[in-house]
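What follows is a single structure, written as structure tokens, with notes after it.
The values are calculated or read from the model by the stated rules, or taken from the named source; none is laboratory data. Just so you know, these numbers come straight off a predicted model, no measurement behind them. Methodologically, a virtual Cβ is constructed for each residue, glycine included, from the backbone with ideal geometry; neighbour enumeration extends over all protein chains shown.
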Amino acid sequence: MKKIFYLLILFFNTNIYAQIITPGVNANFGVDGDLRANFFNGSVSSTGDDWFNYDNSTTGAQVIDTTGASAMITRYATDVNFRKSSFSTGMSYPPFTVVNNKLLLGAAFIRDYHGTDSTAFSGSKNADSPGNWYSPPSTPVPNKNDILDVMAHMRRDGPGMTDSLWMFAGVSIEGTTGDRYFDFEMYQTDLTYNKTSGTFSGYGPDAGHTTWQFDAAGNITKPGDIIFSADYGNSTLSAIEARIWINKSSMSITPVGFNWSGSFDGASNGAQFGYAGIQPKTSGSFYTGIENNGSAWAGPFSLIRVDNSVVTNYIPSQFMEFSVNLTKLGLDPATMIGKNNCDMPFRRILVKSRSSTSFTSQLKDFVAPVNFFQSLRVKAASDVSLACGLTGSVTLKVSNPVSSSVYTWKTSDGHILTNAVNDSVLVDSAGTYIVSQQLQASCPAYSTDTIVVAPLSRTCFILKAAVTNFSASLLNKKAELNWSVTNNNEINYFEIERSSDGLNFSAFQNVISTSSDPLSMDYKVMDDLQQKNAAVVYYRLRMIHMDGNVSYSKIIRLSLMENWRVNVFPNPVVDNLQINVYAPSNENVEVTIYDASGRLMRKRYQNVSKGNSTINLADFQSWPAGIYSVKMLSGQNIFVDKVFITK
């Protein structure tokens, strides 16, 4: 049985809007103070998606990816310090996937730090610039403000972009008595938190946020930051409010999509920028919300309490969730600027707790901002390891295709033989080929990648020798180039070539082919880049065969702005995979592996220390042979590489 709240909000124009007063299912997603799909208001239901599947018998869709959950629970049992770690996971489906006739756009689950809380505020408030927020280590947080886990999800109430857009949010806290106040804040920019310094970066240009802008007729010309504030008083949800970041002068304009509620709060009295309350044009329900009344399952990741105990169930009033009809509220991109159905209303989400019902009261705890709408970014590859003069056709392909994405190839100086709208194409001419990824056919480009087929001399041909693991990493402005070669006895020497544009190369060093093993050899070369002012450099290997023939390796790109170094080997993989990481500071990293269809195969969370660390992965014997994408994520740093698993 769930607690039911009655929520009335009085609008400035005296219209009274009654909110949902019972547990409900919106867009086939249960809002009932429970995490289980096909379980509604205390009993089994035949329909209804939710955060997680409770067992294998359910037919409802779980929106949160639970890969690795069982391994985490096993480690929790023996590693107390591991229980203190934060982690996040995304949606169990690619963005824009239709599930149970609903269009799923994004989801996230985030566990906050425990023990020594490094994500708690000191002297900060809403409407301040994130540049002024500070989070000193070991900041005490009252139990009623101490966030344990948060989750968020967006979907449409149908398979198309014109169906109503809904946002769902959940939060679990340590204390269940007293009044509790939370903010779900959404940013247009890539807001990032640095755990070492306790500061934020990547915030917006207008007093730390991004403003919503309007023309004289009230049409939105640019979206900005959004915040939803929820107040739980007397053990039930007592108020919920939507606000957007604006220049205060915009309140003289009557927006087309919503009304102003009359509230406005900036960082100080007389502030030019601040959060203004908004409400829909039409009356009727657009918020729902509830909390668990009795004991409720805490999900496949269990729950870590403040005392670091692991529990499988929430106690009463420990989990709260709410939903918002963004279309009714006027925040649906399909009804805003240019009616672009593919735009999302924000990029990152930050969840905070406050000390009181006042919107500008002191902030207490927070969960670091996370990317919300994520998909594998396109990565192109060729079916030959050495780019050479073409005598036939070559297949160019997307190595990490996502089933719901659309891939389009183009070239200005080459020639594509097959349909250019596909995840692979045949080409029969040297040139530069660019593949762009759309998350749906009607969407703008989400990501692009480039692959170059270089024109070579008539004496060039594909060698029997194959270069593998050709990679470059940066340390103290020096590039370290590593590669391996099979049939090494067929190569006389290597010319190492460098380029600033990926097209025009020049040699800077020769390496003689030597080996006690004629079949294989590993090589390493250092390139001093102290005098290079470019943001990136490109490398390739020019290989001179024993009989004078020439062949080239693939082209690799090295950013001179990155401080991280990540190498993945061996490649191909039989059973064990090793990721060598150089990190500029102590960091938490997320490692994920996807198969060629974009399906998540494995996820791993690990702390890496400043300097060199190694992440070992094993047990690949049962995996099908093929190409897999390995991704490592730490803050804004993302590294992606391809590996081939063989038998």
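Kindly indicate the residue of the range 262-304 that is closer than 21 Å to Ala152 by Cα, surrounded by 21 or more Cβ atoms within 10 Å (Cβ to Cβ) and of a type in the set (S, T, N, Q) and also farthest from the chain's Cα centre (by Cα) among those meeting that condition.
Selected residue: Asn292.
Condition test on Val485, is it assigned by TED's automatic domain parsing to the domain that holds Val630 and modelled with pLDDT of 75 or more?
For Val485, the condition - assigned by TED's automatic domain parsing to the domain that holds Val630 and modelled with pLDDT of 75 or more - is not met.
Answer yes if at least one residue in the range 318-333 is among the small types (Gly, Ala, Ser) and over 29 Å from the mean Cα position of the chain (by Cα), and no otherwise.
Among the residues of the range 318-333, not one is among the small types (Gly, Ala, Ser) and over 29 Å from the mean Cα position of the chain (by Cα), which makes the answer no.
Pull out all pairs, ordered by first then second residue, where Cβ-Cβ is under 7 Å, the residues are six or more apart or on different chains, the first lies in the range 269-286 and is closer than 14 Å to Ser250 by Cα, and the second is among the hydroxyl-bearing types (Ser, Thr, Tyr).
Phe273/Thr211; Ala276/Ser263; Gly277/Ser261; Gly277/Ser263; Ile278/Ser261
Name, by its number, the condition in (1) at pLDDT 85 or above; (2) among the hydroxyl-bearing types (Ser, Thr, Tyr); (3) over 13 Å from Ala479 (Cα atoms) that does not hold for Ser515.
The one condition Ser515 does not meet is (1).
Do the conditions hold for Ala445, that is, is it farther than 21 Å from Ser399 by Cα, modelled with pLDDT of 75 or more and small (Gly, Ala, Ser)?
So Ala445 does not fit the description; no.
Can you name the number of the only condition in (1) under 30 Å from Ala441 (Cα atoms); (2) more than 22 Å from the chain's Cα centre (by Cα) that Tyr54 fails?
(1)
What is the number of the single condition among (1) at pLDDT below 90; (2) farther than 20 Å from Leu363 by Cβ; (3) part of a strand (DSSP E or B) that Phe200 does not meet?
With respect to (1) at pLDDT below 90; (2) farther than 20 Å from Leu363 by Cβ; (3) part of a strand (DSSP E or B), Phe200 is out only on (2).
Quick one: in the range 551-568, of everything that is crowded, with 18+ Cβ neighbours inside 10 Å and in contact with a Leu (Cβ under 8 Å, 6 or more places away or on another chain), which residue is modelled with the highest pLDDT?
Filtering first and then ranking leaves Val568.
Identify, from the list Ser238, Ser229, Ser261, Ser250, the residue that is touching a Leu at 6+ places or on another chain (Cβ under 9 Å) and either part of a strand (DSSP E or B) or at pLDDT 90 or above (or both).
Of Ser238, Ser229, Ser261, Ser250, the one residue that is touching a Leu at 6+ places or on another chain (Cβ under 9 Å) and either part of a strand (DSSP E or B) or at pLDDT 90 or above (or both) is Ser238.
In the range 211-226, is there at least one residue being surrounded by 21 or more Cβ atoms within 10 Å (Cβ to Cβ), polar (S, T, N, Q) and assigned to a loop (DSSP other than H, G, I, E, B)?
Yes.
Would you mention how many residues in the range 43-69 are of a type outside the set (A, V, I, L, M), modelled with pLDDT of 85 or more and not in a loop (DSSP other than H, G, I, E, B)?
Qualifying residue count for the region: 4.
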